[in-house]
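In what follows, a structure is listed as C-alpha cells, so that the remarks can point back to it.
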Amino acid sequence: MEYVTQLLAGGNLASDGVYTKRCVELLESRFHIAKVLLTPSCTAALEMAAILCDLQPGDEVIMPSYTFVSTANAVMLRGAKPVFVDIRPDTLNLDESRIEEKISSRTKAIFVVHYAGVACEMDPILDIARRHNLRVIEDAAQALHSYYRGRPLGTLGDIGAYSFHYTKNFICGEGGAICINLPEFADRAEIIREKGTNRRQFLLGNVDKYTWVDVGSSQVGSEVSSALLCGQLEMLDEIHARRAAAYERYQQLLQPLELSGFFDLPRVPAHCQGNYHIMYLMLRSGDHRDRLLAHLRDQGISAVIHYVPLHGSAMGTQLGYSPGDFPVTERAGACLLRLPLFADITADQQERVVNQVARFFEQVV
Ligand SMILES: *Cc1c(COP(=O)(O)O)cnc(C)c1O
C-alpha cells in the first residue's frame, strides 16, 4: 500500500518505471534468470512465447490436457494445434514417457505445466526436445520459487511464464512475467511486448524514432500492479514460510484420514522443491469429491475443484478428442479437491477444515 501510495503521489504512471525495474531485478537476481519482462498476465506471457516460437498454422504443440485454458489458447491463437498428452498419477504433470509417441513432423514445441508448483520431469523432457529439435516453454504460472534438482522453474526451458494473479502465491491482482532464457529471443521479445515496435531501442537512445517492425501486442503491465508486486516480492520469504507452515500443518492433520484410505495427499518427489501452491485431496471417486465439496461449502469452507480437462471441453471436442482419451487426467478432473490455503490462514481455520473433512467421512462409511 505504501508503494502504491508513493507511486500515485508522484503522479507518473508511465510503465516500466521504478517499481517494474525493481521487480525485474528481484526476479532476475533471486532466480538467476537471464532476462525478465513483466506482462499483464501469465496468459500474455504464454501468447508472447507462442509468437517467439514462430508457431504457424498447422504446427503442433505438445501439452497436458490437465491445464488452464491459457496454455492451449496461446497456441490456438497462432493457428497451431494443441496435441494433448496424459499426466503422471503422482505429480499430475505431463507424463514424459508418453511425449515421443505424439511427436510428428509438424511438432514445434512442448508446453509443460508445473502443476501445483511441482516440477515436471525436466531432464528427460529437455532431452526429448533436444533430440527432436523442439522448443520447450514452461507454463510456470504456479511455480515461482519452485525448483527441479535445485534449478528454479521457469528458467529450464527456452521461455518460462509466471503468473501474479490473485489466486497464486505472490500476487498483484492481475500480472505476469516472461523469462527469456534463450538469448536470441531477447530483442524480439521486447518488440512483441511493445505492440511490434522498437520503442525500447528508442527509449534507450539507440534509434531516433520508433516504428512498426514486427507483429506484437500490448503486453506491458501497469506500474500500479508493479508497485503491488514489488511489495510481495520483497516479502517473498515470509509469504513462502507461512504457506509452508500451513501446508505442513494440513499434511499432519490429514494424514490419519489418508491412512484410513479416504484419499491421497500430494507428494513432492525428493528431487523437487515445491512452493506449497496447492493443498489437494485426491478422492476415491468423483461422487465422493462432489459430495465432500458440497459438504464443505455448506459449512462455509471455500474448497474448490480444479481443471476441467481441456480434451473433454467443447473446444477439445472440436479438436477431435473424446472422453476416455486420457484416464489419469480425467481422474484428476473428477476426483481432485483443493482446500483453502493462503499465507494468512490460521491453525484454527485449518483444524476446522480438517474436522469437517473427517465428519464427512464418518457419514460416508
Ligand atoms: C493461473 C494460470 C494461468 C493464467 O495466469 P494469468 O496470470 O491469470 O493469465 C496459466 N496457466 C496456469 C497453469 C495457471 O495456473
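Which members of the range 227-254 meet the condition of being under 19 Å from the mean Cα position of the chain (by Cα) and hydroxyl-bearing (S, T, Y)?
Answer for the range 227-254, where residues must be under 19 Å from the mean Cα position of the chain (by Cα) and hydroxyl-bearing (S, T, Y): just Y247.
Looking at the range 159-178, can you tell me whether even one residue there is assigned by TED's automatic domain parsing to the domain that holds L92 and away from the ligand (no atom under 16 Å from the Cβ)? Talk me through it step by step, then tell me what you get.
Pass one, the range 159-178, residues assigned by TED's automatic domain parsing to the domain that holds L92: 159-178.
Now drop any that are not away from the ligand (no atom under 16 Å from the Cβ), which leaves none.
No.
Of the residues in the range 53-63, how many are surrounded by 20 or more Cβ atoms within 10 Å (Cβ to Cβ) and either touching a helix residue (DSSP H, G or I) at 6+ places or on another chain (Cβ under 7 Å) or free of Cβ contacts under 8 Å to residues at least 24 places away in the same chain (or both)?
4
Between a residue in the range 143-166 that is under 20 Å from T67 (Cα atoms) and without any contact (Cβ under 8 Å) to a residue 12 or more places away in the chain and any residue that is surrounded by fewer than 24 Cβ atoms within 10 Å (Cβ to Cβ) and not charged (D, E, K, R), which pairs come within a Cβ distance under 9 Å, given they are 6 or more apart or on different chains?
Final answer for the pair search is Y166/G173.
Given S163, S217, S225, which one is crowded, with 22+ Cβ neighbours inside 10 Å, modelled with pLDDT of 95 or more and closer than 29 Å to R135 by Cα?
S163
Rundown of residues vs (1) farther than 30 Å from G231 by Cβ; (2) in contact with a strand residue (DSSP E or B) (Cβ under 7 Å, 6 or more places away or on another chain); (3) surrounded by fewer than 24 Cβ atoms within 10 Å (Cβ to Cβ); (4) not hydrophobic (A, V, I, L, M, F, W, C), yes/no style:
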site: I99; (1), (2), (3), (4): yes, yes, yes, no
site: I110; (1), (2), (3), (4): yes, yes, no, no
site: L134; (1), (2), (3), (4): yes, yes, yes, no
site: L153; (1), (2), (3), (4): no, yes, no, no
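List the pairs whose first member sits in the range 101-123 and is more than 14 Å from M63 (Cα to Cα), whose second member is within 16 Å of the ligand (Cβ to nearest atom) and of a type in the set (S, T, N, Q), and whose Cβ atoms are under 6 Å apart, counting only residues at least 6 apart or on separate chains?
Here the result reads G117/Q142; G117/S146; G117/N275; V118/T91, each pair linking the range 101-123 to a residue that is within 16 Å of the ligand (Cβ to nearest atom) and of a type in the set (S, T, N, Q).
Rundown of residues vs (1) within 14 Å of the ligand (Cβ to nearest atom); (2) crowded, with 23+ Cβ neighbours inside 10 Å; (3) within 23 Å of Q318 (Cα to Cα), yes/no style:
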position: Y66; (1), (2), (3): yes, yes, yes
position: L92; (1), (2), (3): yes, yes, no
position: S104; (1), (2), (3): no, no, yes
position: A119; (1), (2), (3): yes, yes, no
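Look through A109, A129 and report the one residue that is in the same structural domain as M48 (by TED's automatic domain parsing) and outside any strand (DSSP E or B).
One residue alone meets the criteria, A129.
Just wondering, is there one or more residues in the range 142-156 that are part of a strand (DSSP E or B), within 14 Å of the ligand (Cβ to nearest atom) and in contact with a Ser or Thr (Cβ under 7 Å, 6 or more places away or on another chain)? Even if it seems obvious, please write down each step before you answer.
Going residue by residue through the range 142-156, those that are part of a strand (DSSP E or B) are 147-148, 151-152.
If we keep only those that are within 14 Å of the ligand (Cβ to nearest atom) too, we end up with none.
Taking every residue of the range 142-156 in turn, none turns out to be part of a strand (DSSP E or B), within 14 Å of the ligand (Cβ to nearest atom) and in contact with a Ser or Thr (Cβ under 7 Å, 6 or more places away or on another chain).
Among the helices (runs of 4 or more DSSP H) lying completely within the range 3-86, list those that include at least 1 residues that are within 28 Å of S322 (Cα to Cα).
Answer list for the range 3-86: 42-52, 69-76.
Specify which of the listed residues (G261, G274, G286) is in the same structural domain as L336 (by TED's automatic domain parsing), in contact with a Ser or Thr (Cβ under 9 Å, 6 or more places away or on another chain) and closer than 30 Å to A358 by Cα.
Going through G261, G274, G286 in turn, the sole match is G274.
Give the residue that is surrounded by the fewest Cβ atoms within 10 Å (Cβ to Cβ), with candidates limited to residues of the range 313-346 that are among the polar types (S, T, N, Q) and in a helix (DSSP H, G or I).
Ranking the candidates gives Q318 first.
The values are calculated or read from the model by the stated rules, or taken from the named source; none is laboratory data. Since this is a predicted model, take the numbers as computed values, not measurements. Reconstructed Cβ throughout: ideal geometry from the backbone, glycine too, with neighbour counts over all protein chains shown.
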